[in-house]
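Visitor: This is the structure I have questions about; it appears just below.
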Ligand SMILES: [Zn+2]
């Protein structure tokens with residue numbers, strides 16, 4: 001079961017809308033949004049908050065600020081940089097969240113949702129675009145090659161949960177590596193240049209993402225929202241709304 005998930009970091013309303021117009025997503029997906037995108041909550045995709053937590057003492061207010069703006073009460077969450085702690089887990093349980101998706105087990109088969117002791121589920125991450133290319137940079141001795149097609153083949157061919165975490169920003173930039181992202185980051189984040197105008201020509205996140213979508217279509221696989229995955233895994237009741 002494949003869950004395509006997207007973190008909206010640094011995307012403007014206009015560019016994320018254009019992203020949705022340009023890319024036809026294979027199935028239902030989950031967006032973790034750093035702010036409300038009203039056009040998203042009007043679709044049948046799932047939306048949850050993606051708070052940038054820089055101070056653990058204010059994590060709840062930072063999270064609730066986004067959640068309150070969404071058009072419905074979110075069931076799941078992914079924090080920026082996957083910030084998590086036991087304290088946050090306890091707090092999320094009290095706030096009524098059903099799950100978080102932040103635990104990273106990159107490229108590992110056989111994943112499935114698991115229970116945090118704090119009353120919320122975890123949907124572990126199988127693939128994250130920036131972690132893929134950062135692994136090449138920070139573990140240069142192991143010869144890691146990002147955007148490996150075997151990662152896609154394993155996900156479409158095998159049983160289990162495959163949560164893909166993409167950033168529309170990296171898809172649009174077609175980010176190939178850390179160096180390219182560093183070279184354009186100030187223009188995107190500081191000067192608000194559209195990532196549509198800064199696309200890298202060559203092999204990068206965007207090309208890999210399209211290969212995944214094509215492989216899913218060819219194999220008759222569609223994406224499920226995280227809440228759908230929890231229902232299909234018998235973690236929550238089938239009566240539960242998809243979120
Ligand atoms: Zn993020």
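Visitor: Report the far tail of the P(r) of the range 63-156, meaning the percent of Cα-Cα pairs longer than 24 Å.
Guide: Numbers: 1530 of 4371 pairs.
Counting pairs separated by more than 24 Å, the tail of P(r) holds 35 percent.
Visitor: Let me make sure I get this right: for the range 191-240, a, b and c are the square roots of the gyration tensor eigenvalues over alpha carbons, sorted descending. Under 1.5 in a/c it's rounded, otherwise prolate if a/b > b/c, else oblate. Which is it?
Guide: On the way: a/c = 4.74, a/b = 1.92, b/c = 2.47.
Here the range 191-240 falls in the oblate category.
Visitor: Let me have the relative contact order for the range 1-155, percent, based on Cα pairs under 8 Å that are six or more residues apart.
Guide: On the way: 217 pairs, mean separation 22.9, N = 155.
This gives 15 percent for the range 1-155.
Visitor: If you don't mind, another one. According to the Kirkwood expression over distinct Cα-Cα pairs, how big is the hydrodynamic radius of the range 92-131, in Å?
Guide: Working: mean 1/r = 0.0920 Å⁻¹.
By the Kirkwood definition, the hydrodynamic radius is 10.9 Å.
Visitor: Continuing with the same structure: Can you compute the FRET efficiency between residue 210 and residue 71 using 1/(1 + (r/R0)^6), with r the Cβ-Cβ distance and R0 = 30 Å? Round to the nearest 0.05.
Guide: Numbers: r = 30 Å, r/R0 = 0.99.
Efficiency for this residue pair is about 0.50.
Visitor: While we're on this one: Relative contact order for the range 31-119 using alpha-carbon pairs under 8 Å, separation at least 6, rounded to a whole percent?
Guide: Working: 108 pairs, mean separation 23.1, N = 89.
26 percent.
Visitor: If you don't mind, another one. So what is the 222 nm mean residue ellipticity for the chain from helices alone, if each DSSP H run of at least 4 adds -39500 (n - 2.57) and you divide by all residues, rounding to the nearest 500 deg cm²/dmol?
Guide: On the way: 10 runs with 89 residues, N = 243.
So the calculated ellipticity at 222 nm is -10500 deg cm²/dmol.
Visitor: By how many nm would the segment from residue 237 to residue 137 lengthen if fully extended, with 0.36 nm per residue of separation less the alpha-carbon distance? It would help to have the intermediate numbers written out before the result.
Guide: Working: separation 100, 0.36 × 100 = 36.00 nm, distance 4.26 nm.
Gain on extension, residue 237 to residue 137, equals 31.7 nm.
Visitor: So, one more: Please compute the Kirkwood hydrodynamic radius of the chain from all pairs of different C-alpha atoms, in Å with one decimal.
Guide: Details: mean 1/r = 0.0547 Å⁻¹.
So the Kirkwood estimate lands at 18.3 Å.
Visitor: Given labels modelled 7 Å from the Cα in the Cβ direction, how far is it in nm from residue 196 to residue 24?
Guide: Between residue 196 and residue 24, the label points sit 1.9 nm apart.
Visitor: Would you order 70, 123 from fewest to most other beta-carbon atoms within 10 Å of each residue's own beta-carbon?
Guide: Working: 70 18, 123 27.
The order, fewest Cβ neighbours first, is 70, 123.
Every number here is computed from the coordinates shown, using simple stated rules; none is lab data. Since the structure is predicted, the reported quantities are computational estimates derived from the model, not experimental observations. Neighbour counts run over all protein chains shown; Cβ positions are idealised from the backbone, glycine included.
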